[in-house]
Amino acid sequence: MAYWRRSSRQMQAATGGIAVAPASPTAEKPKSPRSRMMRQYDLVERVRSYNPDTNEDLLNRAYVYAMKAHGTQTRASGDPYFSHPLEVAAILTNLKLDDATIVAALLHDTIEDTEATRAEIDNIFGHEIGALVEGLTKLKRLELVSREAKQAENLRKLLLAIADDVRVLLIKLADRLHNMRTLEFVPHASRRRIAEETLDIYAPLAGRMGMHEMREELEDLSFHVLDPEAYAVVKQRLDALADRNRNLIGEIESQLSKNLQNNGINARVYGRRKQPFSIWTKMERKSVGFEQLSDIYGFRIILTDVEACYRALGVVHTTWPVVPGRFKDYVSTPKQNDYRSLHTTVIGPGNQRVELQIRTEEMNQIAEFGIAAHAFYKEGVGSPTERLEHESNAFAWLRHTVGILSESANPEEFLEHTKLELFHDQVFCFTPKGKLIALPRHANVIDFAYAVHTDVGNSAVGCKINGKFAPLSSELQNGDEVEVLTSKAQSAPPSAWESLAVTGKARAAIRRATRTAVRDQYAGLGRRIIDRLFARAKIEYADDKLKGALPRLARASIEDVMASVGRGELKASDVARAMYPDYKEERLVKYGAKKSLAVKLKLKSEPQPVRSTSVIPVRGINSDLPVKFAPNGGAVPGDRIVGIVTPGEGITIYPIQSPALRDFEEEPERWLDVRWDIDETMPQRFPARILVHNVNEPGSLAQVATVIAEHDGNIDNISMSRRSPDFTELTIDLEVYDLKHLSAIIAQLRAKAVVAKVERVNG
């Protein structure tokens, strides 16, 4: 993320006339004095203040157990390590969480950092608390390539645990918050990494769960570490503005309260200053200076019920002029994180813009504390997780999203999609039946289709926006009604959709569907290769026999074997040898191909029902997998061709005269003899490359392009390099029907006066 990157213009705009002392990157903050650790009775009293039925014995046992487990361990600040879980527990008591969560907070580092085990915690404190503690324990001994991969695997484990029990998230956020509050004691080299991780993952995750207050503090603490100079500048400007406008804020609060009271509405009104990070990101996003921001202060009107909210809105709008386009109703259409409020901006006293949030007390609690606002300690039906499924849209979103993201192919992909899913403002759209779909800003119909259902996304072929046909890539606006048109003929989406999709959910689903489709192609190719080998060797193939040989091939299923053969990761002869240990491979001849072994290139996507013993039909040309053409010259019907099997990529087709084949002389097992099989009823173009030396004069390129166009060739790409002032060298990538077609184009180009030389490139 780039929240903390600043331009000199922006810094100048923010700084104004304020002199800021340069921050020394090596200067360390002075150690803050150690605060007194919370005692047992302090913890019990904190919990009892909101939950009179608390289990005091459980809290006392957890306090003593954690203190003994951590023993003489110390933190970077020199404080006893036990002070950390105590502070985490204290943060959670402020959120008024249940006994199990407080106990798990006290024990959250015991499995990871002490001799304690999951079995021991289960035995002493019960399975519920043991599961919470294990969900917070990082994976050890990860033999992964990069730090990002390790981070992603731990994040995946954490999110899966959160989906089972949301209290894991609450403890983790409190843990991260206390770590950020004490980040000054951490070695300088680690601070930036921890702050970036907090800003990239944990702060947005808190926001997605509606925990506004915690998100703001995490953002500001991270901002202070990542860009201390910018933080200092914005903080100074905010403080100066607060001193200047102290009377104005009081005047607005007083006038709002008075106007509402005169209309019979009892309300609590208070002003609130935005945080430095929020101010800074808005300056970056809108490319404006500090003085141009109009909503540095926001005012909240807290009322008793929803009806009073709309009445108060009417009073405000009839008292002061409304700023156009600044009204939003999140009461009728709540955000995905359960946030509900009326937002409006008016020209208030002193001709100042005043941003107002109008909400009930309950809405305010949810806005500040999110899912933590639900009273977990109260008796009710089912577990806290089961209750949240019915009460919280934020938690429903989390479980659904985690289910999609957890199927990512690798840790880095999971991390990428998770970040994508966390970082967006919202736009609200509707299905034809009136169902509300919340999407990120700049989302398109593809994202909408996958938000409705994965199958809808995979089979989408068109759409209507507000009753009019539109491209699937159309960006959606608030209030759009979107109808997605689907077709059963499309079982998998085009892989190009991945670059068009905005949401992590859509990208993850597209990648998964593409992988499945490609795997099916590889498996089909592998089965053809194996069938041909067994037919030539005159040995019997049976799935049951291959199933028995799976352990020797180190594969889990028959489909895995076929796909590996199709990818070139496993030789067909190895499969035969695993099934028949006495099998002997035929001697390889020139080009590494077996005598009379051939692969038939099928341009049709449909498999041919009739099998020939002399050919292997290969599907997938149209989708470029598993068969593709030489990257630096291609191949066209009429060329003698050979196939090279590349592990993980399938078969690459080269013309026999290609110099690139020399690179594979020492790997005869990768060679396959292939030949063309063209369907006359479905003509298709194939890639070729030509090199043209033409006179460097106006119009010469136009003449070359005209010749190609007149002969029904298609120019795919042109690169130009100047050899001399008189001549220019053009490298042209063409699409032609066959060798005859290509030869006609080359002959016609040679006949042009502006062309000195034309030759085909065999890459």
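Values in this text are rule-based calculations from the coordinates and carry no lab data. It should be emphasised that the depicted structure is a prediction, and the values quoted were computed from it without experimental measurement. Because the Cβ atoms are built from the backbone with ideal geometry, glycine has one as well, and the counts that use them run over all protein chains shown.
Give me Asp220, Asp53 sorted ascending by neighbouring Cβ count inside 10 Å, so fewest comes first.
Asp53, Asp220
How would you order 440-449, 457-466, 334-343 from highest to lowest mean count of nearby Cβ atoms within 10 Å?
Output ranking for 440-449, 457-466, 334-343: 440-449, 334-343, 457-466.
To make sure I understand, if each residue's beta carbon is the centre and we count other beta carbons within 10 Å, what order do Val316, Val456 fall in, fewest to most?
Final ranking by Cβ density, sparse to dense: Val456, Val316.
Would you mind calculating the gained length between Glu361 and Lys488 on full extension (0.36 nm times residue separation, minus the Cα-Cα distance), in nm to one decimal?
40.8 nm
Testing the spin-label approximation: label points 7 Å from Cα along Cα→Cβ at Gln255 and Arg750. State their distance in nm.
Distance between the two pseudo-spin positions: 8.7 nm.
When the dipole is taken about the Cα centre of region 37-235, and only Lys, Arg (+1) and Asp, Glu (-1) are charged at their Cβ, what size is it in debye, to the nearest 20?
340 debye
Beyond a 23 Å Cα-Cα separation, which of these cross-linked pairs lie in this structure: Lys335/Lys488; Lys96/Lys505; Lys328/Lys435?
Those over the limit are Lys335/Lys488; Lys96/Lys505.
Note down the relative contact order for region 236-372 as a percent, whole number, built from C-alpha pairs under 8 angstrom at least six residues apart.
23 percent
For an R0 of 56 angstrom, estimate the FRET efficiency from the Cβ-Cβ distance between Asp57 and Val456 and round to the nearest 0.05.
0.60
Can you figure out the FRET efficiency of Asn247 with Arg515, using R₀ = 51 Å and their beta-carbon distance, to the nearest 0.05?
Result of the calculation: an efficiency of 0.20.
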